[in-house]
Protein chains: 2
Amino acid sequence: MRVGGARRVDAPTAAAPRHRSRGRVAYTPQSLLAVAVEAFNQRGYDGTSMEDLAHATGITKSSIYHHVRSKEELLRLAVSRALDRLFAMLEQPPACTGRAVDRLEHVVRSSVQVLVDELPYVTLLLRVRGNTDAERWALQRRREFDRQVSAIVRRAVEEGDLRDDVDPRLTTRLLFGMINSVVEWYEPSRTGSATDLADAVMRLAFDGLRRRDTPGMTAELRGQSRSPGGRLVPDEGNGAG
Amino acid sequence: MRVGGARRVDAPTAAAPRHRSRGRVAYTPQSLLAVAVEAFNQRGYDGTSMEDLAHATGITKSSIYHHVRSKEELLRLAVSRALDRLFAMLEQPPACTGRAVDRLEHVVRSSVQVLVDELPYVTLLLRVRGNTDAERWALQRRREFDRQVSAIVRRAVEEGDLRDDVDPRLTTRLLFGMINSVVEWYEPSRTGSATDLADAVMRLAFDGLRRRDTPGMTAELRGQSRSPGGRLVPDEGNGAG
DNA sequence: AGTACACGACCGAACGTTCGGACGGGCAGG
DNA sequence: CCTGCCCGTCCGAACGTTCGGTCGTGTACT
């Protein structure tokens, strides 16, 4: 049971179109990957056949194998791209120097940014279940990422900036559960910018959604900088898929 | 590429074992479903073959078709179970009468409870992508659930109990992103009770994780009852899958 | 001529599903 | 008590289809 797919939606756009043949711009591994990941996210990796990819790309199954070694390689390339961005972010100075609570804020904001920048790739990463070698390797790296963030949260508690009545690991999981859920509904056209979204996440995660008796207090409560308030653009999108 | 599955783990336990034959307790649709959903969650629905289910149940492929009409029926039964519990919760008096902020608290706590009670079924529900009719129907009902919760959040903002600088829809999505992430790592044996977990979710969502200058203040800030604090049991589990 | 890209035909394996039949506990007639 | 049938349960062997992947060839550009 396949859901209909448009044939030859559009030619490879990104990543320096290489040679050309029969008037069509040739695929690069990257431009092919972009189409494939889109399909994987729509129907699921296992639910997407190479035939489906052929329809989505406008070339035949066999032609796809000219660019990539296997279906699994497409998956590996995709999750690598997401993971590389996430780990690169962890190694930036603001994420590993300074007060832990500030490092955490940077990690949260940057994670949202990466999620939005690399939406399809991160989406695919978050749905990996461990069926193949590539998937198990991705899961391992995700756990490593989780561990590093947990360490920052733990440190921020020790430094007295975060409340001490929550378990760091649990907090990290809930926090990133919130952040990661973005892939379920974010649409670049309808939703606000990544920065606005990151603001909303920070507000909810750090200050909670309960209204304080003295409005505006939370902003000056500590020296922390809050971006100038302002609600995000409301949208009438699909809430679940 | 299949991940190994134990053969005939245990006979049908729940739901009144029916007749017996060949010394084995016979499967009921429910007990079969339990095994199938477990497999679906491990390998994904599309990634699980009927052969896999045969191994997991200890009976043959063809025998499975004695109990259910098709593979998709197993999926439909599973997601229905989860959705029915969620909607039943929304219709309980505490979820539809009284102050909106209190209703929201009930919805959040009950959702965590349902998630934990029906963990495998909700897990499967949350991974549905819309490939089949059953999946599309599930997505529709999820959206309806989301809409109803959003309405409560909006109302709570209007009643002045929640801060008004966040979009209700966005907040609902982030909130349930946090709650739903529970299915990614919750393990009944290792993690605390559902109530403890719900407490942690409520604390994080309503009061945020930033430490206040006057500790304990948030508890008395409003008349809201907070359960006696206390951190959740830390655990060393898998962080991603 | 050489290279890059794409094609249609094809492969063995695995897929979900069907089918006729076999096993064996429960129950009616003796 | 025993006998014999019934039916719920399960099985092995196939069905037609689709899977991921291969192969030899054609063609356009350098």
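The values are calculated or read from the model by the stated rules, or taken from the named source; none is laboratory data. Bear in mind that the values here come from a model prediction, so they are computed numbers and not experimental data. Backbone-built Cβ (ideal geometry, glycine too); neighbour counts: all protein chains shown. Note: areas computed on protein heavy atoms with side chains; ligands, DNA, RNA excluded. Shrake-Rupley method; radii C 1.70, N 1.55, O 1.52, S 1.80 Å.
Here is how the numbers come out for the structure above:
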read-out: So A:Glu105, is it within 16 Å of DNA strand C (Cβ to nearest atom) and charged (D, E, K, R); value: no
read-out: Count of the range A:46-68 residues which are more than 7 Å from DNA strand D (Cβ to nearest atom), outside any helix (DSSP H, G or I) and among the hydroxyl-bearing types (Ser, Thr, Tyr); value: 1
read-out: Residue within the range A:24-45 that is in contact with a Phe, Trp or Tyr (Cβ under 7 Å, 6 or more places away or on another chain) and more than 10 Å from DNA strand D (Cβ to nearest atom) present; value: yes
read-out: Only one of A:Arg129, A:Arg173 that is at negative phi and part of a loop (DSSP other than H, G, I, E, B); value: A:Arg129
read-out: Evaluation of B:Val116 against (1) over 12 Å from the mean Cα position of the chain (by Cα); (2) under 22 Å from B:Ile179 (Cα atoms); (3) open to solvent by 10 Å² or more (accessible area, probe 1.4 Å) (one fails), failing number; value: (1)
read-out: Which listed residue is within 9 Å of chain B (Cβ to nearest Cβ) and touching a residue at least 12 places away in the same chain (Cβ under 8 Å), from A:Pro94, A:Pro168; value: A:Pro168
read-out: Subset of the range A:176-211 (residues that are of a type in the set (Lys, Arg) and either assigned to a helix (DSSP H, G or I) or under 16 Å from the mean Cα position of the chain (by Cα) (or both)); value: A:Arg203
read-out: Filter result for the condition that a residue is more than 8 Å from chain B (Cβ to nearest Cβ) and open to solvent by less than 40 Å² (accessible area, probe 1.4 Å), over A:Ala151, A:Ala156; value: A:Ala156
read-out: Failed criterion for B:Ala78 (all others in (1) more than 15 Å from DNA strand D (Cβ to nearest atom); (2) touching an Asp or Glu at 6+ places or on another chain (Cβ under 9 Å) hold); value: (2)
read-out: Candidate set: the range B:177-206, residues that are facing chain A (nearest Cβ under 7 Å) and of a type in the set (Phe, Trp, Tyr); chosen: the one farthest from B:Pro94 (Cα to Cα); value: B:Trp185
read-out: Count of the range B:43-68 residues which are open to solvent by 50 Å² or more (accessible area, probe 1.4 Å) and either near DNA strand C (Cβ under 7 Å from one of its atoms) or farther than 12 Å from B:Pro29 by Cα (or both); value: 7
read-out: Filtered residues of the range A:69-84 (kept if within 16 Å of DNA strand C (Cβ to nearest atom) and either surrounded by 19 or more Cβ atoms within 10 Å (Cβ to Cβ) or assigned to a helix (DSSP H, G or I) (or both)); value: A:Lys71, A:Glu72, A:Glu73, A:Leu74
